[in-house]
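To start, the structure itself, in structure tokens.
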Amino acid sequence: MQGEAAVIRQGFLVKRGHVVHNWKARWFVLYKDQLLYHKIEGGKKESRPRGIISLVGCTVHCPCLDYENRPLVIKLKAKNSVEHFLEASCREERDSWAEDINVVIRAINPEHQKQLCSSDTSFEIAANICLSHLIKEMQETNSGIKEMTNGEYGNTYKQCFTGSTVIDWLVSKNVAHSRSDAVTVASLLIEDDLIKPVGDKSTKARWNIVTTEQFLDDSTALYCFAKSERKTDSSSDKIEIPHVDLSGKIVKQGFLMKQGHKRKNWKVRSFVLREDPSHLHYYDPCKVPVLCFNSSLQ
């Protein structure tokens, strides 16, 4: 039994099942050599874990683009090649979980870190990247960046994507070694008018002479392709997000336990707090984004 003093981090993540690929919220506890997850019953964590993921010889893939409708997924590949898919509530939480797990893995196997450092090479954009070819890959229907309906300050924009989505894609495709390198590449795409800012936030960054980069690694900054050649997907493949959920600035988001109104049972929900206008939304994190409830705080 692991002691409480050995706990490095704990919290809710949504896990994909191994046999039936459904998604369930679980309480995860990170220790110095393994990751445990517990089922929640009646609003309480079960004392015995439902599963243990050994981090010895494990590798972390973040961002993971295996699920285009779930951009907040971390993939852990165990030493025995078993893959574990874990989803966080927001990009910041996803990245911090991935970093904490990586710290544990490096502590277990210092030689792995030495290999990473020795294989690291300097980032040379001109020698490695053809922007015209890159933008075509980004527009590929199956492997590229998915265009969706997004919102900013009450305005709704179609066929666009967030800055963080672009950076995730560039890193996952090994176009850039780090998020900062990916921002440099995305800024070049902006300069060559291959990607355009959409909305107020990204447009201001585009013309901000104070900053060296013109692109924002931000989940609320919106962009679109200058010339989209992507084929139209069938309507059944598209996710329609309610208009009310697209309005207002995100103040905070994360997983919380919520008691039901009628049955008084407890379930994990993904909450989003917004302002201008003030709203509190929550979702079932085990499903693709479908608004469960919207409450005005005005």
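The values are calculated or read from the model by the stated rules, or taken from the named source; none is laboratory data. Not measured: the values here are computed from a predicted model. Here the Cβ is made from the backbone with ideal geometry for all residues, glycine too, and neighbour counts use every protein chain on show. What goes into the accessible areas is simple: the full protein's heavy atoms, side chains included, and nothing from ligands, DNA or RNA. Shrake-Rupley method; radii C 1.70, N 1.55, O 1.52, S 1.80 Å.
Taking residues in segment 184-208 that are within 14 Å of PHE225 (Cα to Cα) and of a type outside the set (Gly, Ala, Ser), and partners anywhere that are at pLDDT below 85 and open to solvent by 60 Å² or more (accessible area, probe 1.4 Å), not one pair has Cβ atoms closer than 7 Å while being at least 6 places apart or on different chains.
In this structure, ASN142 does satisfy being at pLDDT below 90 and part of a loop (DSSP other than H, G, I, E, B). Can you tell me which residue within segment 129-139, out of those that are part of a loop (DSSP other than H, G, I, E, B) and free of Cβ contacts under 8 Å to residues at least 60 places away in the same chain, is surrounded by the fewest Cβ atoms within 10 Å (Cβ to Cβ)? Applying the filter and picking the extreme gives CYS130. If only residues of segment 196-230 that are farther than 26 Å from ASP95 by Cβ and of a type in the set (Gly, Ala, Ser) are counted, the one that is modelled with the lowest pLDDT is SER228.
How many residues, within segment 38-50, are among the small types (Gly, Ala, Ser) and free of Cβ contacts under 8 Å to residues at least 24 places away in the same chain?
Applying the first criterion (among the small types (Gly, Ala, Ser)) to segment 38-50 yields 42-43, 47.
Then keep just the ones that are free of Cβ contacts under 8 Å to residues at least 24 places away in the same chain; that gives 47.
Residues meeting the conditions: 1.
Do we have LEU65 as open to solvent by 60 Å² or more (accessible area, probe 1.4 Å) and touching a helix residue (DSSP H, G or I) at 6+ places or on another chain (Cβ under 7 Å) here? Yes: the conditions hold for LEU65. So which residues in segment 100-128 are outside any helix (DSSP H, G or I) and either loosely packed, with under 14 Cβ neighbours inside 10 Å or at pLDDT 65 or above (or both)? Answer for segment 100-128, where residues must be outside any helix (DSSP H, G or I) and either loosely packed, with under 14 Cβ neighbours inside 10 Å or at pLDDT 65 or above (or both): ASN109, ASP120, THR121, SER122, GLU124. Just so you know, in segment 16-42 the residues that are over 17 Å from CYS286 (Cβ atoms) and part of a loop (DSSP other than H, G, I, E, B) include one that is most open to solvent (accessible area, probe 1.4 Å), and it is LYS32. Using beta carbons and a limit of 8 Å, which pairs, at least six apart or on different chains, have the first residue in segment 81-99 and buried (at least 22 other Cβ atoms within 10 Å of the Cβ) and the second one modelled with pLDDT of 95 or more and part of a helix (DSSP H, G or I)? Correct list of pairs: LEU86/TRP97; ALA88/TRP97. Contact annotation: residue pairs with Cβ atoms under 7 Å, 6 or more positions apart or on different chains, pairing a residue in segment 270-282 that is open to solvent by less than 30 Å² (accessible area, probe 1.4 Å) with a partner that is at pLDDT 85 or above and not in a strand (DSSP E or B), are SER270/SER89; SER270/PRO285.
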